[in-house]
1. Just give me the residues in the stretch 76-91 being more than 32 Å from the chain's Cα centre (by Cα), surrounded by fewer than 10 Cβ atoms within 10 Å (Cβ to Cβ) and either not assigned by TED's automatic domain parsing to the domain that holds ALA53 or not β-branched (Val, Ile, Thr) (or both), in sequence order.
2. Checking PHE139 against (1) touching a residue at least 40 places away in the same chain (Cβ under 8 Å); (2) assigned by TED's automatic domain parsing to the domain that holds ILE225; (3) open to solvent by 60 Å² or more (accessible area, probe 1.4 Å); (4) under 23 Å from the mean Cα position of the chain (by Cα): exactly one of these is not met. Which one?
3. Can you confirm whether the stretch 359-380 contains a residue that is open to solvent by 20 Å² or more (accessible area, probe 1.4 Å), basic (Lys, Arg) and either within 16 Å of the ligand (Cβ to nearest atom) or assigned to a loop (DSSP other than H, G, I, E, B) (or both)?
4. Within the stretch 331-345, is even one residue polar (S, T, N, Q), modelled with pLDDT of 90 or more and not in a loop (DSSP other than H, G, I, E, B)?
5. Tell me, yes or no, whether the stretch 275-283 has at least one residue that is surrounded by fewer than 24 Cβ atoms within 10 Å (Cβ to Cβ), within 30 Å of VAL150 (Cα to Cα) and either free of Cβ contacts under 8 Å to residues at least 40 places away in the same chain or within 16 Å of the ligand (Cβ to nearest atom) (or both).
6. Could you list all residues from the stretch 154-172 that are free of Cβ contacts under 8 Å to residues at least 24 places away in the same chain and of a type outside the set (A, V, I, L, M, F, W, C)?
7. Please specify each residue of the stretch 144-177 satisfying the condition of being polar (S, T, N, Q), in contact with a helix residue (DSSP H, G or I) (Cβ under 7 Å, 6 or more places away or on another chain) and outside any helix (DSSP H, G or I).
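The values are calculated or read from the model by the stated rules, or taken from the named source; none is laboratory data. None of the values given here were measured: they were computed from a predicted structure. Every residue, glycine as well, gets a Cβ built from its backbone with ideal geometry; the counts of neighbours run over all protein chains shown. What goes into the accessible areas is simple: the full protein's heavy atoms, side chains included, and nothing from ligands, DNA or RNA. Shrake-Rupley method; radii C 1.70, N 1.55, O 1.52, S 1.80 Å.
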Amino acid sequence: MKKFILLLAPFLINTSMANSYCAKYEKPKSYVKVQKSVDEKLEQFANNKTIAASADAVLSKLITAKSPYVTSWYAKNDFKNKTEEQIAHAWRKDFAMNFLLMKYPQDDAKIDNEIEMVIDGLLKENLTPTYQAKMEKLFLTSKKLAIDTVSKMKLKESDVIIKRIESIKLYWPKNLKSSRNNSMPLDLIEWGIAYDPVPNEINIGVGSLAYPNNETYMAVFAHEIGHAFDPCRWGAFFEGPWPFEKVGECLRSDKSVGAKKRDDSKIEEFLKSGKLTPDLATSLRENPTCNKFAYPGKGIQADQLPESFADWFSAETISHAKKMNARKLRLDLCEVKTLNAGSSYPDNQSRQDKIYFANPKIKGMITTLSIEAAENYCSL
Ligand SMILES: [Zn+2]
């Protein structure tokens, strides 16, 4: 019997804290409403006169040219029992989402104007002054806690890190035309909350409305602040060795989340085929924890240390909060997500169990959770 229990032990541990913690989670109703409204606006956009005419013209050109794209698009969709009008609608929606909203500006002033109108409308409708004020307040609280946390760490680098944290701001896109990274309009809608290292700002998009409560927002802001000095960004913005090396090693280990290393086995091949420039290949080798757009890319393992570290720092920060309903912390991670192969994130449940709940202070705040996770804690 004893042997049986021993064999079962890893599975028992896996019926982890996160499961009971997540039992009552559901996607915020307010965000479901936002998604519905975004969908409706995009549907209207795809079927307005200018956009529909452009979609229809492209479709007839492709059909005349016997384009394999149209054949495979048709095959991918189930159009059995669908009317011609329904098929036309589906084409217009796909065309709008995958072409028009993926490149800006287009070579057509009328279409650009329509794209600007739909994106600006969605930004205005969702990133309201009230919402912005609320987020700024939560961000400020999170930032103060993060500064307090770094100062208590008493690193010889604490001052330079604090200086960088102090200057982090939130970036609110006002309209498509003036916005940063506006070459893919749909990004502004899909953006959640993401740190941007060069301006040292946190980009906010309509997707930021997805988080379920203030505690989670504060933890997400602390995670983004952690990216300002994660192992990848350290090399670019600070001097000397990364002061969290010991934490990093622990996060890489089985004791913690087992953050995977970037798979560099394809760099040479990419270099030979011209998919990577020699400069980029050198930069990748010099920065082994950085994930770039050109590499590793889909299907090749990205480095998971920057995301794991950002979670670790977020847990440290939140554990310094005086009043915190830890039962509500990072409930967004209860969302079951299928990660892309090679994702830069460990899976959601591991992030909760092995990073957030491994923090002894957070564990202490959630007294109803019964399993001792603190032994997995990565200390400084
Ligand atoms: Zn992150």
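1. Hits for the stretch 76-91 are LYS80, ASN81, GLU84, GLU85.
2. Answer for PHE139: the failing condition is (3).
3. Looking through the stretch 359-380, none of the residues is open to solvent by 20 Å² or more (accessible area, probe 1.4 Å), basic (Lys, Arg) and either within 16 Å of the ligand (Cβ to nearest atom) or assigned to a loop (DSSP other than H, G, I, E, B) (or both).
4. Scanning the stretch 331-345, I find no residue that is polar (S, T, N, Q), modelled with pLDDT of 90 or more and not in a loop (DSSP other than H, G, I, E, B), so the answer is no.
5. First pass over the stretch 275-283, keeping only residues surrounded by fewer than 24 Cβ atoms within 10 Å (Cβ to Cβ): 275-283.
Filter again for within 30 Å of VAL150 (Cα to Cα), leaving 283.
Of the ones still in play, those that are also either free of Cβ contacts under 8 Å to residues at least 40 places away in the same chain or within 16 Å of the ligand (Cβ to nearest atom) (or both) are 283.
The answer is yes; a qualifying residue exists.
6. If we filter the stretch 154-172 for residues that are free of Cβ contacts under 8 Å to residues at least 24 places away in the same chain, which is where we start, we get 154, 158-159, 162-163, 166.
Within the stretch 154-172, LYS154, SER158, ASP159, LYS163, GLU166 qualify.
7. Across the stretch 144-177, the qualifying residue is only ASN175.
Yes/no per residue for (1) closer than 21 Å to SER319 by Cα; (2) exposed (fewer than 13 other Cβ atoms within 10 Å of the Cβ):
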| residue | (1), (2) |
| --- | --- |
| ALA96 | no, no |
| ILE119 | no, no |
| LYS124 | no, yes |
| THR128 | no, yes |
| GLN132 | no, no |
| MET153 | yes, no |
